[in-house]
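Everything on this sheet refers to the single structure shown next.
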Amino acid sequence: MTSPNPPQAYAPALGWLLAVPALLGTLITLVLPTAQTIWLSFQSGGVLRESAYVGTDNYVELLGDDEFWRALGFTLSLTLIPLLVAVVVGPLLALALDRAGTWPRRAGRIALSLAVVAFSPVAVAASWTVGLSPESSGLAALAEGLREPATAPGALRLIVAAATFGIVCALAVIAFLPALRGGTAGPAMLAVGALVALATIAVGLQAFSIGLVLTRGGPQRSTETLAGLQYDYAFRMAEFGPGASVAALTGVILGALGIVATVIAVATRLRITVTPRLVPAGKAYDSPAAPHDTYGPQAAYGGQAPYAPPGTAGQQGTPSPFGSPAPHDTPSPQGAPGPHGGPGLQGAPGVQGPLAQGIWPVAGAPGIPAPGMPEVGAGERRRPGPVWVAVGVVALVVVVAVAVLCAWPWIDGVLGSPPSPAGDLRTQVNTWIPALFGALISVGVAYLAALGIGGLRPLGRGSEWLLLAFAPWLFVGPGPLGVVNWQNIRNLGLIDSFPALIPPLLVSVPALFVLTLLCKGLAGRTDRDFFGGVFLPSLPMAGILVGAVTLMNAHDLLWPLLVAQNADLFTTPVAQMNQLSSFTASAPDVGAATPLVVVAVALVALVAAQLLYLDRLAVVANGSRARTRAA
């Protein structure tokens, strides 16, 4: 849905201009490395011997070998339980919290936030290594099964399921809660469910850290994953051709998943919007809060009332359907004249809801949506029943209890972590500064493109189809392009240098995807100018995604493991991995990946984002309108 106001003549050109950095970034850091990977897969050799063109021999040998198919099957099996958590536990918990009302929903968001900021794959895996000791007990004793080829695959599946339960459930709830506010929630829930399922499978296909820490693909290659197979070929055996072949086949699967996800989002007309809050009379017009924090003509439109009651017109010169300028719509006391001559309704007998609070029924106010504005569901004005409150609280308590139980080896490891170089200041700088710098660049470039594609709509109603140009890399992480990116860094002479720790990615495609849907929703729900109606309301989401990408970059093991062999350049995951490989370490420093200051800052920021912004998002599909809760 596009803005009610016709776009200015320069808007399409500006939209294309804003998308140019993302297109160039995709070409440089995604398209060209993909082409290099495909070309490398047709060659033999590597670091130790000269490369030679061998055609499709690498693929024939790889596809004819049981090792590849076993790795693919085992990798997919690792995603099964997390997938069930994402598409069953996640939406059920989101539904219970949504129906339970404001305080249980917000309590759930706060409780699940810790799982997001504290999750580090290497640290979690390191905590489970305690279970390899004969004296181990409790849940960690599951790791004892990793010793034998017959039991190792099943044990690793259970460990991955337990280690990821909290983070998968938290992210699923964050995704499904806005879909429940999408007016007719069914289409939005189905679309979001499909996207969550595809994303879970894609992430599972690139699983690397937990398997490398716990089993390194053994015993007898019984727990080899696709990412581990690629790493073994390319960097342990120095055979870049077979390693690139595994990467290319993985990339084909991920590309197909990304294209399917993009088609689902565009075909279902998926969009994200920010729902206004319902504010009592006397506060809606005098509050210095942000424009979208309140309802009413001034609040929702920043001083513009695009539609007004009969006999009035749009404030500040905005025309109303009836053609004359409208004054400010102010609340009227009981019995006092209304804004167009009728009696005031505030406190009148039999009057309920917003009217009883002195909020007039102008279009855009609660219950009377202006074109493109969120619609207030009737159910949102009723207090949740005690049964739903009880269901929501019980569901949250059960899920949190299970998450704590599954995370107990990590909690125990953090509490008993000895000091080590993995937690010193230099290692933390190596970990977080490049991670933040890479996130600022990749999300910043994605945000510009999202403003152009989703906000300015250079192709009109079909502008979001431009996302198909980025779709093959929607789910691609550092793994599938790791071989050629390492070669490129080596050719530039940057191995074992601080700049090499910056992730080699100029645009975050997942951030571009989310921000484009958000800008699309904002552009369709308001007739304010582009700066106030799209840019400002979407800016917090860009900041949230910078934080999310920073966390992902900081906890990544593969890329810094490839480019930093000097201990002075180790990031925390690499230092932890190195510590686990040392015979002198008595216990892994599990807490090094989650220093208290970083966790505290990230947790406060995420809780604030959850309560002040994410809790107001609505995901809408197929043109339905969003529901809006009372604040």
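Determine the order of Trp486, Trp16, Trp408 by accessible area, beginning with the largest, at a probe radius of 1.4 Å.
On the way: Trp486 35, Trp16 105, Trp408 135 Å².
Largest accessible area first, the list is Trp408, Trp16, Trp486.
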* Could you pull the accessible area for Ile272 with a 1.4 Å probe, rounded to 10 Å²? => 20
* Asked: Is the shape of the stretch 487-533 rounded, prolate or oblate, going by the alpha carbon gyration tensor and its root eigenvalues a ≥ b ≥ c, with a/c under 1.5 for rounded and a/b larger than b/c for prolate?
  -> prolate
* To do: Pop the C-beta distance of Val429 and Ser133 into the FRET formula with R0 = 25 Å and round what comes out to the nearest 0.05.
  => 0.15
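Over the stretch 172-270, with the other protein chains present, what is the accessible area per residue in square angstrom, probe 1.4 angstrom?
Numbers: 2890 Å² over 99 residues.
For the stretch 172-270, the per-residue accessible area is 29 Å².
If I compute solvent accessible area with a 1.4 Å probe over the protein chains, what percent of it on the stretch 447-602 is carbon and sulfur?
Values: 3900 of 5590 Å².
That fraction is 70 percent.
Averaged per residue, what accessible area in Å² does the stretch 491-614 show with a 1.4 Å probe, protein chains only? Please list the in-between numbers first.
Numbers: 4730 Å² over 124 residues.
Spelled out: the 1.4 Å probe surface of the stretch 491-614, per residue, equals 38 Å².
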* Solvent-accessible area of Ser581 with every protein chain in place, 1.4 Å probe, in Å² to the nearest 10 -> 60
* Relative to the Cα centre, what is the charge dipole magnitude of the stretch 61-124, using +1 at the beta carbon of each Lys and Arg, -1 at the beta carbon of each Asp and Glu, and rounding to the nearest 20 debye? -> 760
* Asked: Points 7 angstrom from Cα along the Cβ direction at Ser497 and Val387: gap in nanometres?
  -> 6.7
* **Simple spin-label estimate for Val597 and Leu17 in nanometres, 7 Å along Cα-Cβ** => 4.2
* Asked: For labels at Glu148 and Val60 in the simple 7 Å Cα→Cβ model, what's the distance in nm?
  -> 4.1
* Give me the percent of the accessible area of the stretch 168-231 that comes from carbon and sulfur atoms, probe 1.4 Å, all protein chains in place. => 68
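With the Cα gyration tensor of the stretch 1-110 giving a ≥ b ≥ c as the square roots of its eigenvalues, does the rule (a/c under 1.5 for rounded; else a/b larger than b/c for prolate; else oblate) give rounded, prolate or oblate?
Details: a/c = 3.72, a/b = 1.32, b/c = 2.82.
Oblate shape, in that a/c is at least 1.5 and b/c is the bigger or equal ratio.
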* Asked: Out of Gly64, Ala125, Gln43, whose Cα points farthest toward the positive end of the dipole of the stretch 30-164 (charges: +1 Lys, Arg; -1 Asp, Glu; placed on Cβ)?
  -> Ala125
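The values are calculated or read from the model by the stated rules, or taken from the named source; none is laboratory data. Computed from a prediction, not measured in an experiment: that's the story for all the values here. Quick reminder, even Gly has a Cβ in these numbers, built from the backbone with ideal geometry, and neighbours come from all protein chains shown. Note: accessible area is taken over every heavy atom of the protein model, side chains too, but ligands, DNA and RNA are not part of it. Shrake-Rupley method; radii C 1.70, N 1.55, O 1.52, S 1.80 Å.
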